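Just so it is clear, none of the values below were taken in a lab; they were calculated from the coordinates. Since this is a predicted model, take the numbers as computed values, not measurements. Backbone-built Cβ (ideal geometry, glycine too); neighbour counts: all protein chains shown.
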Amino acid sequence: MNEPDPHATRIRASVDRIHAALERMDSFGRGTASTRARIREGLTCQVEDGAWSFTADMPSKAGGSAEGPDPGVFGRASLASCLAIGYSLWAAHAGVPITELEVEVQADYDTRAQFGIGDDSPAYRTIRWIVHVQSPAPEAEVREVLDLAEVRSPYLTLFREPQELRREVRIRKPGTETPLRSASSPSNHPDAREP
């Protein structure tokens, strides 16, 4: 007889607890997340979010110091990990056993627009994700869990749907504490669209 997966049991209990709290309190689950990225030197960027701290950079051929992955790696990793976690979470909640799971995100790019050449968008041309799953469950059950997780995936939605983007700028002279100018407005970037 197979022992219950302790991870699946813990995940299922957590999802049920959070679901109950969200139904009881309308404001529960809403908030603002904040991540800061500060240039240390050249293009090397220190990123902080709560207790987490990591480095982003560009490769040396693009003027960076190659001290960390470039932002594209983190963007693709956000989507891949969000999907992988979502698939695992909803499989555990539905009682669909998954013994191995891997998500590979592939993105087609053209860097010419990023360097001011041509009129195309610097966005990815196409994004694909390949889901490798090993499970003793019927294929239809596995596919149902994958579909449910994708509907509920914040980062898949972020990539699929337009988001409201707002930029705030604070400019100050070196050695001063008070910003010279502060402006908060929707981004003027051509890809910024109202939802």
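In degrees between 0 and 90, to the nearest 10, how far off the longest principal axis of the chain does helix 71-94 point, with axes built from Cα atoms?
So the helix axis and the longest Cα principal axis differ by about 20 degrees.
Which angle from 0 to 90°, rounded to the nearest 10, does the C-alpha axis of helix 139-151 make with the longest principal axis of the chain?
30 degrees
Fully extended, how many nm does the chain gain between Thr176 and Ala62 (0.36 nm per residue separation, minus their Cα-Cα distance)?
Full-extension gain reported as 37.8 nm.
How big is Rg to Rh over the chain, alpha-carbon atoms, Rh as the Kirkwood inverse-mean-distance radius?
1.03
Could you check how many percent of all C-alpha pairs in segment 65-104 are farther apart than 15 Å?
Value for segment 65-104: 51 percent of Cα pairs lie more than 15 Å apart.
When the Karplus curve 6.51 cos²θ - 1.76 cosθ + 1.60 is applied with θ = phi - 60°, which whole-Hz ³J(HN,Hα) does each residue of segment 109-121 get, with x for Gly and Pro?
Values, residue by residue: 9, 9, 7, 4, 5, 4, 9, x, 9, x, 10, 6, 6 Hz.
Relative to the longest principal axis of the C-alpha atoms of the chain, give the angle of the C-alpha long axis of helix 6-24, reported between 0 and 90° and rounded to the nearest 10°.
70 degrees
So what is the relative contact order for the chain, in percent, with contacts set as C-alpha pairs under 8 Å and at least six apart?
Relative contact order for the chain comes out at 13 percent.
Please list the non-local residues whose amide H lies under 5 Å from the amide H of Gly64, H modeled 1.01 Å from N, same-chain partners needing a gap of 5 or more.
It is Met58, by chain and number.
Please compute the modelled spin-label separation between Ser135 and Val73, points set 7 Å along Cα→Cβ, answer in nm with one decimal.
3.1 nm
Running a GNM on the chain with Cα contacts under 10 Å, which residue among Ile98, Ile171, Ile127 ends up with the highest mean-square fluctuation?
Highest fluctuation of the listed residues: Ile171.
Between rounded, prolate and oblate, where does segment 17-107 land on the alpha carbon gyration tensor, with a ≥ b ≥ c its root eigenvalues, rounded for a/c under 1.5, else prolate if a/b exceeds b/c?
Taking the square roots of the gyration eigenvalues as a ≥ b ≥ c, segment 17-107 is oblate.
Restricting to DSSP H runs of at least four residues, report the calculated mean residue ellipticity at 222 nm for the chain, -39500 (n - 2.57) per run over all residues, nearest 500 deg cm²/dmol.
That comes out to -10500 deg cm²/dmol.
Pick from Ala77, Ala92, Ala123: which residue has the top mean-square fluctuation in a GNM of the chain where Cα pairs under 10 Å get a spring?
Most flexible of the set in this elastic network: Ala123.
Loop-only trypsin sites (Lys or Arg not before Pro) in segment 1-60, please: DSSP not H, G, I, E or B, and at most 13 other Cβ atoms within 10 Å.
Arg30
So for the pair Arg143, Met25, with labels modelled 7 Å out along Cα→Cβ, what separation do we get in nm?
Label at Arg143, label at Met25, 4.1 nm between them.
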